[in-house]
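Reading through the structure tokens given below for one structure.
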Amino acid sequence: MSMIIISSLEELWAARATLKGPVGLVPTMGYLHAGHISLARRAKAECQSVIATIFVNPTQFGPNEDLSRYPRSLERDLQLLEAAGVDLVWTPTAQELYPPDFQTWVNVEQITQPLEGAMRPGHFRGVTTIVSKLFNATRPEKAYFGQKDAQQVAVISQMTRDMNHPIEIIVCPTMREDDGLAMSSRNSYLSAEERQAATVLYCALLTATRAFEGGETNAEKLRQVVREVISSEPRAQLQYVSCADYATLAELQTVDHKALLSLAVFIGKTRLIDNFVLG
Ligand code: AMP
């Protein structure tokens, strides 16, 4: 069976009814790379049918963010998804998902406050609202997300529990380039020099993780290792580094249980995030 490509909600509902379960959902904003494809392949291995969505969700972008210049490559994306065995691609329109009288939002209150939530006000309200709409429209048994966006995974897991969505959230490992840079659609913004400089994120996380594995459990010392490595790269500007409880994302003093070491860095004008799990 060849891949079904659908834009309207009504067509989606009709096509969804023909899919054999369990259904796996892979939400994306397109401009796909091997990270996205790893989610689709995992979904194909675990589910009878796979739905991928491509939608650059306007409500998760801040007023000064990159919504209008977010990269797009629909034809290529569709080829990659078909090769990964995806059964149905839904490419909704903002007009249909956010009509002029739209006024209902899903808001996760606490775990959205620190880190990305603090730097990008309103971002997670946009994410949880769109993911909840995608869940309602596609009714998957499982939904696949990348560890690359660690706080997003925590927020969506919280929302899924709180709203009683009968959906299992599957977290997939971060796919990286050969030099360690986490794959991201936003890497396409980087000039050649910036692309080289961007390896400093991975380098900083690796150096701090080695310190942790060598016995350093003082969270502030681990953050300091990250700051020092990032400051060694003149094109990099650290926005935040966090060493936090994996479940609550509260900053730690001592890493004595599972923790998330995460950071956001500007390379020139491009903002990149990455993380490692400790313990
Ligand atoms: P995006 O298109 O950036 O919204 O990402 C769609 C999904 O792919 C999200 O669940 C991301 O966490 C995931 N993702 C993005 N980059 C990677 C990566 N390098 N490795 C694994 N998953 C990723």
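The values are calculated or read from the model by the stated rules, or taken from the named source; none is laboratory data. Since the structure is predicted, the reported quantities are computational estimates derived from the model, not experimental observations. All Cβ positions, even for glycine, are placed from backbone atoms using ideal geometry, and neighbour counts span all protein chains on display. For the accessible areas, the whole protein counts, side chains as well, though only heavy atoms, and no ligand, DNA or RNA atoms are used. Shrake-Rupley method; radii C 1.70, N 1.55, O 1.52, S 1.80 Å.
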Under 5 Å from the placed amide H of Glu168, counting only residues 5+ away or on other chains, we find Lys142, Ala143
Result for region 1-126: accessible area per residue, probe 1.4 angstrom, in square angstrom, of 51 Å²
In region 124-266, what is the volume of the convex hull around the alpha carbon atoms, normalised per residue and reported in Å³? 128 Å³
What aspartates and glutamates sit close enough to Lys142 to cross-link, taking a C-alpha to C-alpha distance under 17 Å and skipping anything fewer than 8 places away on the same chain? Glu46, Asp87, Asp162, Glu168
HN-Hα J couplings of region 160-170 from phi, Karplus 6.51/-1.76/1.60, θ = phi - 60°, integer Hz, Gly and Pro as x? 5, 5, 5, 9, 6, 5, x, 9, 8, 8, 10
Quickly estimate the mean residue ellipticity at 222 nm for the chain, helices only: each DSSP H run with n ≥ 4 gives -39500 (n - 2.57), and the total goes over all residues, rounded to 500. -11000 deg cm²/dmol
Inter-site label distance for Glu168 and Val277 at 7 Å from Cα along Cβ, in nm: 1.6 nm
In Å², rounded to a whole number, the accessible area per residue of region 142-241 with probe 1.4 Å is 48 Å²
Which whole-number percent of Cα pairs in region 185-278 have a distance greater than 16 Å? 50 percent
Test of understanding: in a Gaussian network model of the chain with alpha carbons linked when under 10 Å, which of Tyr202, Tyr189, Tyr98 would top the mean-square fluctuation ranking? Tyr98
Of Lys221/Lys269; Lys20/Lys258; Lys44/Lys133, which ones are farther than 31 Å apart at the Cα? Lys20/Lys258
In order through region 120-133: 3J(HN,Hα) via Karplus (6.51 cos²θ - 1.76 cosθ + 1.60), integer Hz, x for Gly, Pro: 10, x, x, 4, 6, 4, x, 5, 5, 5, 5, 5, 5, 5
Cα-based Rg then Dmax for the chain, in Å, read 19.0, 56
Cut-off 16 Å, label point 7 angstrom out along Cα-to-Cβ of Gln48: give me the residues of region 140-167 whose amide nitrogen falls inside. 140-142
Point-charge dipole on Cβ atoms (K/R +1, D/E -1) for the chain, about Cα centre, debye to 20: 160 debye
May I ask you to give the percent of accessible area on the chain that is carbon plus sulfur, with a probe radius of 1.4 Å? 51 percent
